[in-house]
Structure formats: C-alpha cells, structure tokens
1. Keeping every protein chain in place, order A:84, A:246 by accessible area at 1.4 Å, biggest value first, i.e. largest first.
2. Nearest 0.05, what FRET efficiency do residue A:84 and residue A:21 give at R0 = 22 Å with Cβ-Cβ as r?
3. Springs between alpha-carbon atoms under 10 Å, Gaussian network over chain A: tell me which of A:241, A:301, A:154 tops the mean-square fluctuations.
4. Work out the length of the dipole vector of segment A:10-194 about its Cα centre, built from +1 on the beta-carbon of each Lys and Arg and -1 on the beta-carbon of each Asp and Glu, and round it to the nearest 20 debye.
5. Just the number, please: carbon plus sulfur as a percent of the accessible area of chain A, 1.4 Å probe, no ligands or DNA/RNA counted.
6. Hey, quick one: spin label on residue A:285, modelled 7 Å out along Cα-Cβ, who in segment A:237-262 has an amide N within reach, i.e. under 19 Å?
7. Once you've got the GNM for chain A with C-alpha springs shorter than 10 Å, pick whichever of A:275, A:199, A:161 has the biggest mean-square fluctuation.
8. Leaving out ligands and nucleic acids, note down the accessible area per residue over chain A with a 1.4 angstrom probe, in whole Å².
Amino acid sequence: MPPGQGRADPYRVWLSEVMLQQTTVVAVKSYFERFTQLWPTVQDLAAAPDDQVMAEWAGLGYYARARNLVACARAVAALGQFPDTREGLAALPGIGPYTSAAIGAIAFDRPETVVDGNVERVISRLHALEEPLPASKPEIYRLAAAQTPTLRPGDYAQAMMDLGATICTPRSPACGICPVIEFCQARRLGIAAELPRKMPKKAKPQRQGTVWIGFSGSSVLVETRPDKGLLGGTLAFPSAGWDGSDLPPPALADWHELGLVRHVFTHFALDLTVMTAELTLPPERGRLVPLGEFSATALPGLMRKAWALARPNPARPATTRRHGKPTSET
DNA sequence: CACTCGTGGAA
DNA sequence: TTTCCAAGAGT
C-alpha cells in the first residue's frame, strides 16, 4: 500500500485493523500472513468453518474478535462487498468507531476522523489536555476532527498513528525528532511525557481454578468453550473454579496434580492447578481427540501453558514443573 | 458508562 | 518483580 497510491484492498485493511485492536504489530504479523494465505478473499473466509478460524486465531487473544470476524465476513459475503461508508461499516460485527473510520479512510479514501490510542496521545499532547482519559475523549475527538484533511485521509490517519507509535510514544517521547514539535503545547509546557493523564486503574484480584487434562490411550480430552465469556469459542481442556463455572472433573478418575500455571488476564490474575489422569471410564463432558490430530497451537495461551505440563513427550522438559513458592510449603 | 475480554514485550 | 500497555468493541 504505497502512500497516496489509490486504495488498499478493503478485506486486508479490515482484517489487519481487527487484528491490531489492542494488539501489537509484532504479535499480529504472522497471524495476518497466515490468514491471508489461507483465505485470500473475504468470500474464502466466510466459507471457512468456525473451529478452523478459532484455531488459527488461537494465541492472539480477545477471542470475541475471531467470532465477530467470521460473522462479519459472512455478512460482507452476503452483501457482495464491503460497505464503503463509515455507517455501513460500523453496522457490521466487530467494527466499532475506530475500525469503521480507519477502513473508510484507508480503503475508501473518505475523510473520516480516525482516533485510536496513538491519536488520543498525540492530540492530548498537541493541545496539552489536562483532563484525564477517558473523560477527555469527546474533546479529543473534536480536536482530531478539526484537523482531519480531505486530501489523502488514509495516509494522514496512518501518519498520525505512526507518529504516536514511533515518536510520540507513551514513555520517553522523542520530541527532538518530532516533525510537529512547533505545534505541541505539552512540549512547550514541558509535560509531554505526562500526557495523556489517566484515571488510576483497579488492582487485579487473584483467582484460583483447576484444569483437567485427561488421557485415554493416545487420545486427550478437550472441549469447545461456550461462545460467551472468557476464552469464548476456543478449544480448551475442561476446567472450573476461575471463570464462573463450578463443574466437577469431566470424568471419574484417579486425578493427580501436575503443577500450577500462572496467567494474567486483563482484569484478574489466575493460578490454575493442572490435574491429569488416565481415563478408564467414559467422560461426562468434552470429547476425546487422538494426539495425532491434536495441536497445542489451536489452544489459547492459558491452555498451552497447562498443556506444557501434561503433554506426553515434552521436547524440552521444564526445569521447574511447579511454580509458586518452592521455598516453604511442601 | 463501567465493566468484560488475552497476550507478551518493554521499562 | 511489577507495571504498563498495543492500530477497541460489545454489553
């Protein structure tokens, strides 16, 4: 997508913008390449099975994005093409205020006001906004809209985001090489690095839970999680105690403890006890999958950590199978 | 409007 | 080790 060279493929713009929601470019890159290779067009993606898309998304996080991605692809396939207006785009699942504006500007050359975290920071500093986020968002949007050009709005939007990502960074902004330093009120006041101010965030509560990794010969017991809620729609091992569910083990068996997995979600931290057993009775939930057909890459990060303790042939045996406090407690 | 929803890298 | 946080959306 050379700057100023016509328009980018709406499908690729959409896919990349959705993947980049709250996710770094480095983390997205390989996923984007994989998705566009597997599904070159929105029609291809629309025809893909849900579980295959979920498996390819595994590890990227925020799994509602993957579920909305498929729903959106199917809606667009039914329409025949992507809507070319912000309103039309925003009506699709997984496309909100930011993404609809970004696609409109980048793919359809529309002068939409594109405001992401980068733009919020750049605008906050340019105008030295002292009011903390998120209360300052309406004012940020007004100021951003007032300086959005009608010429090459897509390049402008990406330039603003690149400025925030590479120069006007959250910590230690590189004001010395900033191309718009002469317009920056925060720099003039010497408070650039302190903006935007933010409301203090709540501490993360600690949760406990248990995950059961059961084997039956050369098969392992897995389940697909409900679409709603934590890790919604992902492949997982049966678990309980941490996500609102309080189910018993998925099968009556001689479960024994393998260790503890620590994981941090957006709004809580989790200590998950990993149990394993050889199943001699049919499981009451989940399904047995032959290890030859099982790949940990289809699991979300939390479940990959648990699998690392239970997998039959650890390529590299972990030096520590137990986390927590090795000192006391036997 | 406050809360839910992942993950991994950097300071 | 702890904290922050990254091209937000849905409810």
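The values are calculated or read from the model by the stated rules, or taken from the named source; none is laboratory data. Because the structure is predicted, anything quoted here is derived from the model rather than measured. Neighbour counts run over all protein chains shown; Cβ positions are idealised from the backbone, glycine included. Each accessible area value is taken on the protein alone, full model and side chains, heavy atoms only, with ligands, DNA and RNA left out. Shrake-Rupley method; radii C 1.70, N 1.55, O 1.52, S 1.80 Å.
1. Working: A:84 70, A:246 135 Å².
In descending accessible area the options line up as A:246, A:84.
2. Values: r = 21 Å, r/R0 = 0.96.
Computed FRET efficiency for residue A:84 and residue A:21 comes out at 0.55.
3. A:241
4. The calculated dipole for segment A:10-194 is roughly 200 debye.
5. It is 55 percent, rounded to a whole number.
6. A:237-256
7. A:199
8. I get 54 Å² per residue for chain A.
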